[in-house]
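Here the structure is laid out as structure tokens; the discussion comes afterwards.
The numbers here are math on the coordinates, done by the rules we state, and not lab data. No experiment lies behind these values; they were computed from the predicted model shown. Note: ideal-geometry Cβ built from the backbone for every residue, glycine included; neighbour counts use all protein chains shown.
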Amino acid sequence: MSVRKKITKFGCLFLAGLLGLAGCGSPSSDFRTVGTEAPERPGAVDEKESAPASGKDRWGLAYESSMEIRYAKNFSVDYFEGGYTLLTVKDGTKILVVPEEKEIPKETEDDVIVLQRPTGNFYLVASAVMDMFDALGAVDQITLSGQKEENWYIGAAKEAMEAGNMVYAGKYNEPDYELIVSKGCSLAIENRMISHSPEVIEMLESFGIPVMTEYSSYESHPLGRVEWIKFFGALTGKEQEAREEFDRQAAILEEITANERTDQTVAFFYITSNGLVQVRQSADYVPKMIEIAGGRYIFDQLGDPESAKSTLNMQAEEFYNGAKDADFIIYNSSIDGGVGSVEELLDKCPLLKDFRAVKEGNVWCTTNDMYQQSMSVGDMIRDIHNMLTGKDEKMSFLFRLEQGD
């Protein structure tokens, strides 16, 4: 018996037991679970293969049009006659959203997730997506959270959890299966961290709960990450709100790129608990933000451009050799809570005291909430541009580190 079959059998027995104890009904019937023949997840397939063939009907539905996507490479959205919407993710996951009171096509394959409007009752583990739901005015569609209330920087999420409208259901690798099933969860929205715990996907699916992985972090262009709001806009029925929010961020970039480049160099980094320096690969979106802002990332040829990894660790001495002459250094505080002064930063890495940026007072730090503010990429780029040009009076996500007393 395969591992999958063992897990599925256990899951079914566990589900039957917990439903008997809790007296709950079966999970929502508004979706079809992902079948065993679905593409391996996690793991990407060619996006051209995963996307529906343009101009062709599906499941007896007449194709109408496809969403215009300018920067994102890892999803597509197609519209069919009668208000049906098909969302396709890079890994081959397909979600068919059916209008309220319309019939679910009988010809739909078993590996297609079917959700019927009104959508909702989601388990959101991909914390960077919460900002998108907030911008869409759709936080009420999330009832289960992968973050505890105190870990959210998104006000609407904290308020929903305080009011009991959203509850903590465990992190990505330790979900509370009993709670998730008892709430009738319609869809689990994961990020790529789930690749480290594929057994969680199998267990959730064995309970009849479909799983999708969002790939916004794999978008190389900053606006590609922001454009994922269009995916969730299509999922939640908030396409217009999604377009407006995306256009607002795009307008900021157009304003900044119209200004003259500075070509000043910037190092963006974080000191790990074991003293290594974590930096971004050159093809990552953070170096791209620095470039758009008019600067130049100090490590211009670092890492494999074909790799999906966004960061890598290096020894402090290697970081010193590559970044000591950077005009600006930015400490990424979204991981460890940050530092409050230059002295605190030097305590983490004494070698930094000889950096040009430290000597000239050009040491900066991100705010703790930067990672969760996925809809503020344009604002972050504007902050970097203002840092480079000396206009630091209106910062949203950056602040200068001062010398301590």
| Among the listed pairs LYS309/LYS394; LYS90/LYS324; LYS56/LYS102, those beyond 30 Å (Cα-Cα) | LYS309/LYS394; LYS90/LYS324
| Taking only C-alpha pairs under 8 Å that are 6+ residues apart, what is the relative contact order of segment 107-251 in percent? | 23 percent
| task | Provide the FRET efficiency to the nearest 0.05 for the LYS391-ASP176 pair, computing r from the beta carbons and using R0 = 45 Å. | result | 0.45
| Rg over Rh [alpha-carbon atoms, Kirkwood Rh] for segment 129-172 | 0.91
| field | Gyration tensor verdict on segment 259-400 (Cα atoms; rounded if a/c is under 1.5, prolate if a/b is larger than b/c, oblate otherwise) | value | rounded
| Sorted peptide list for 265-278, 371-384, 232-245, criterion being average Cβ within 10 angstrom, highest first | 371-384, 232-245, 265-278
| remark: Quick calc, SER195 & GLU159: beta-carbon distance into FRET formula, R0 45 Å, rounding 0.05, result 0.90
| field | Length gained when the stretch TYR71-GLU241 is fully extended (0.36 nm per residue, less Cα-Cα span) | value | 59.4 nm
| said: Between GLU318 and ARG248, how high is the FRET efficiency from 1/(1 + (r/R0)^6) when r is the Cβ-Cβ distance and R₀ = 56 Å? Nearest 0.05. | reply: 0.90
| query | Straight-line reach from LYS158: which lysines have Cα under 18 Å away, leaving out those fewer than 8 places along the same chain? | reply | LYS148, LYS171
| said: Just to check I understand the Karplus step: with θ = phi - 60° and J = 6.51 cos²θ - 1.76 cosθ + 1.60, what whole-Hz values come out for segment 225-240, glycine and proline as x? | reply: 5, 4, 5, 4, 4, 5, 4, 6, x, 5, 5, 9, x, 10, 4, 5
| query | With labels modelled as points extended 7 Å from the Cα through the Cβ direction, what inter-label distance (nm, one decimal) is found for GLU344 paired with SER220? | reply | 3.6 nm
| task | First check a/c for segment 235-304, with a ≥ b ≥ c the square roots of the eigenvalues of its C-alpha gyration tensor; if it is under 1.5, answer rounded, and if not, answer prolate when a/b is larger than b/c or oblate otherwise. | result | oblate
| request: About the Cα centre of segment 104-253, how large is the charge dipole given +1 on each Lys and Arg Cβ and -1 on each Asp and Glu Cβ? Please answer in debye to the nearest 20. | output: 240 debye
| task | For segment 259-400, calculate the relative contact order in percent as a whole number, restricting contacts to Cα pairs under 8 Å that are 6 or more residues apart. | result | 25 percent
